[in-house]
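I have placed the structure first, in the form of structure tokens, so that the comments after it can refer back to it.
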Protein chains: 2
Amino acid sequence: MKKLSRKKFIQKTALLTGSASLLLSSCTSGEEKKIVTPNIITNKKYRWRMVTTWPPNFPVFGEGCTRFAQMVSEMSGGRMEIKVYGSGELVPALESFEATRVGAAEMYHGASYYWAGKDTATQFFASIPFGMNAQQMHAWILNGGGYELWREVYDRFDLVPFLGGNSGVQMGGWFNKEINSPEDIKGLKMRIPGLGGKVLEKAGGAAVLVSGGELYTSLERGVIDATEWVGPYHDYLLGLYKIAKYYYAPGWHEPGSVLELVVNKQMYNALPLDMQKIIEHAAHSLHLWGFHEFEAKNNIYLDKIKRESQVEFKLFPQDVLDLLRGKMDETLEEIIADNPMSKKVYESFSQFAKQVRGWSEYSEKLYHNKISF
Amino acid sequence: MKKLSRKKFIQKTALLTGSASLLLSSCTSGEEKKIVTPNIITNKKYRWRMVTTWPPNFPVFGEGCTRFAQMVSEMSGGRMEIKVYGSGELVPALESFEATRVGAAEMYHGASYYWAGKDTATQFFASIPFGMNAQQMHAWILNGGGYELWREVYDRFDLVPFLGGNSGVQMGGWFNKEINSPEDIKGLKMRIPGLGGKVLEKAGGAAVLVSGGELYTSLERGVIDATEWVGPYHDYLLGLYKIAKYYYAPGWHEPGSVLELVVNKQMYNALPLDMQKIIEHAAHSLHLWGFHEFEAKNNIYLDKIKRESQVEFKLFPQDVLDLLRGKMDETLEEIIADNPMSKKVYESFSQFAKQVRGWSEYSEKLYHNKISF
């Protein structure tokens, strides 16, 4: 099926709610019968497609997908080959979830907060402003009940989610307006999507939608006063250090954004056990690589920004952070008020966060304040 | 081969330095010829043995090994089955490295600082007092050149190392003597092995060797004034909260101890590519699970210790930490002075540590001080 007809196919199928019958009539390759004796290697070949929410070969994000495909190919002895599509190559970025749901692609790589419009509960599996950092999120997902809830939320969309990386604590963003008090948030025009944007709006700012491709020009021409992006590595590649006066920390809006590798449920269930497990552990190996690739690259590019630019590094004042945190609490109340699944996920998330932060007080926080000096 | 004759076999072979010829005459199962066309699934079965430096089924440490064996079995469609032996079941804990080197076991699970007697350079791949935390260590190993150095060090022993977990920041230990100033370190009898023990000795304390099984009684009877162990989870299981007055933090001596999964080189190289990659990514998936299992369990058991005991939580005073850090710097100078490989590894380790700590100042440190409050 060629690119254009595939896109039309998805546009049609996306209008329908039932996906099982569509799966059977689509020309995808994973809809074989479930093999009941799982631990027998078959010579069946799988040719799967992964759509992504990232531009083709986007550093770390897209690179990781290519590495994942290679891991699966190697571990399966070539029985599964996955072709990775950048955003727009097969479907637009924000159609990845739906395309995988209806089986037009077997899997996608993205981040769960993109799907808040489908279900507000999805956001807890990516990052919540003033929420947990990467280490805490991973402990919740892997060992604290988070995975089970994530699967429950995605099961309703016929999808199976896996960990697929983490950006780590992001930077607070690039500003051409100094933030000295809560007053300075009022009227601030900032590119900041998702929950961070909602919080900024509640605090009196204006969250502006700007695509990645237009960010540089928008900040340069003063269309916006500020923008967040990712961390020093990606921010450097976008050249934002050339046109901004201030680089703010911390990234209160994304303290550790989990990336996801998500598979169509029917297609996943139709795989023999060895192939299912190869996908699961390849996703976890990708997760490990991706998270630490951000860490390793951010430290190098932070140095480059400091050496190559005149940008001033600044911290958000405590009263500004207090204001934003208060607005986040309001936002959370709204999210859980009208969605029982969000409430259920939030309860697990916040209970784990409270307890793990008690432990962080004696471990990671003391490491940063008392050991690593 | 039965347990006793196996042990005798190892005792004999351990006396010899060349391992290749021994491999060929041993009755192990992995010494087949290298398969040149790697991506072909063969039906060859592997029955491998993993020895470990942990008691059988030791929480997290030993549990992780069992999970690893299951991952490999499932991903390989049952072509590789690994039998896990607790310490003493096939060989004593501290013979694991040598047993795997000579091929009496195909792999072991342990921690690289146990092998400082073989080569002082090994210690950098586990944990160094006042060194990097888990996140930073993993970024160095996976994405900052650490893995290449680790393989170089272990290659000289015919071993191939992989990440296999991390305890996270440990606790500073259980004390029956209050530590208010550097003077209180003088004469302190503490169970603290490895580099931490050397540092304590340099600072005027006495590092005492006590096995895990005798720790409780030794502390209870005043044979020792203090002991470190792991973190709240394992410390609780040992019951130390019942007999100690103070629980100190931070664990300056082990800020993030990497565990390892290590394979005999000849046996690894003889595997087809799919099996090699299954072992590699299973190790990384184990690493991810193990590290976060410590995190998830420590937060629960910290709460239990607080609720169920009268133990007082205390922080080491800054001048005590300064003293210990100074002694660690001296210790490092000694290690790198008489071993060129240690010097080479240290240079990579310390350069990465310096840079990544610059980034942590804006990311994780701010998270703990400004976001997670």
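The values are calculated or read from the model by the stated rules, or taken from the named source; none is laboratory data. Since the model is a prediction, treat every value here as computed from it, not as a measurement. Positions of Cβ are backbone-derived with ideal geometry, glycine not excepted, and every protein chain shown enters the neighbour counts.
Need the failing condition index for B:Pro55 against (1) in a loop (DSSP other than H, G, I, E, B); (2) within 11 Å of chain A (Cβ to nearest Cβ), just the number.
(2)
Go through (1) β-branched (Val, Ile, Thr); (2) crowded, with 23+ Cβ neighbours inside 10 Å; (3) farther than 20 Å from B:Phe68 by Cα one by one and return the number of the condition B:Val262 breaks.
(3)
Could we say that B:Gly213 is outside any helix (DSSP H, G or I) and either buried (at least 20 other Cβ atoms within 10 Å of the Cβ) or not hydroxyl-bearing (Ser, Thr, Tyr) (or both) here?
no
Does B:Ile10 fit the bill of being surrounded by 17 or more Cβ atoms within 10 Å (Cβ to Cβ) and modelled with pLDDT under 95?
yes
Residue pairs, Cβ under 6 Å, 6 or more apart or interchain, first in the range A:185-202 and in contact (Cβ under 8 Å) with a residue 60 or more places away in the chain, second crowded, with 20+ Cβ neighbours inside 10 Å and in a loop (DSSP other than H, G, I, E, B). List them.
Listed by first residue and then by second, the contacts come to A:Ile185/A:Gly205; A:Ile192/A:Glu228; A:Leu195/A:Pro129; A:Gly196/A:Pro129; A:Gly196/A:His253; A:Val199/A:Pro129; A:Leu200/A:Ile192.
Can you name the residue in the range B:38-79 that is out of contact with any Leu (no Cβ under 9 Å at 6 or more places or on another chain), of a type in the set (Gly, Ala, Ser) and over 18 Å from B:Tyr268 (Cβ atoms) and is also surrounded by the fewest Cβ atoms within 10 Å (Cβ to Cβ) among such residues?
B:Gly78
Filter the range A:240-253 down to the residues that are under 22 Å from the mean Cα position of the chain (by Cα) and away from chain B (no Cβ under 13 Å) and list them by number.
If the condition is that a residue be under 22 Å from the mean Cα position of the chain (by Cα) and away from chain B (no Cβ under 13 Å), then A:Leu240 is the only one that fits.
What pairs come up if the first residue lies in the range B:70-97 and is more than 14 Å from chain A (Cβ to nearest Cβ), the second is of a type in the set (Phe, Trp, Tyr) and part of a loop (DSSP other than H, G, I, E, B), and their beta carbons are under 7 Å apart, counting only those six or more places apart or on different chains?
Filtered contacts from the range B:70-97: B:Gly86/B:Trp54; B:Ser87/B:Trp54.
Do you know which residues across the range B:104-148 are touching a Gly at 6+ places or on another chain (Cβ under 9 Å), within 22 Å of B:Lys198 (Cβ to Cβ) and aliphatic (A, V, I, L, M)?
B:Ala111, B:Ala116, B:Ala126, B:Met132, B:Met137
Of all residues in the range A:42-81, which are farther than 21 Å from A:Lys297 by Cβ and within 16 Å of the chain's Cα centre (by Cα)?
A:Met50, A:Val51
Any idea which of (1) of a type in the set (Gly, Ala, Ser); (2) under 14 Å from the mean Cα position of the chain (by Cα); (3) farther than 30 Å from B:Asn369 by Cα is the one A:Ala105 doesn't satisfy?
Tallying (1) of a type in the set (Gly, Ala, Ser); (2) under 14 Å from the mean Cα position of the chain (by Cα); (3) farther than 30 Å from B:Asn369 by Cα, A:Ala105 fails exactly one: (2).
With respect to A:Trp229, determine if the residue is away from chain B (no Cβ under 14 Å) and among the aromatic types (Phe, Trp, Tyr).
yes
Can you tell me which of (1) touching a Lys or Arg at 6+ places or on another chain (Cβ under 7 Å); (2) within 17 Å of A:Lys314 (Cβ to Cβ) is the one A:Ala206 doesn't meet?
Condition not satisfied by A:Ala206: (2).
Just checking, does the range A:311-326 include any residue being buried (at least 21 other Cβ atoms within 10 Å of the Cβ) and under 20 Å from A:Met137 (Cβ atoms)?
Taking every residue of the range A:311-326 in turn, at least one turns out to be buried (at least 21 other Cβ atoms within 10 Å of the Cβ) and under 20 Å from A:Met137 (Cβ atoms).
Test A:Ala282 against the stated conditions and say whether it is crowded, with 23+ Cβ neighbours inside 10 Å, of a type in the set (A, V, I, L, M) and touching a helix residue (DSSP H, G or I) at 6+ places or on another chain (Cβ under 9 Å).
Yes: the conditions hold for A:Ala282.
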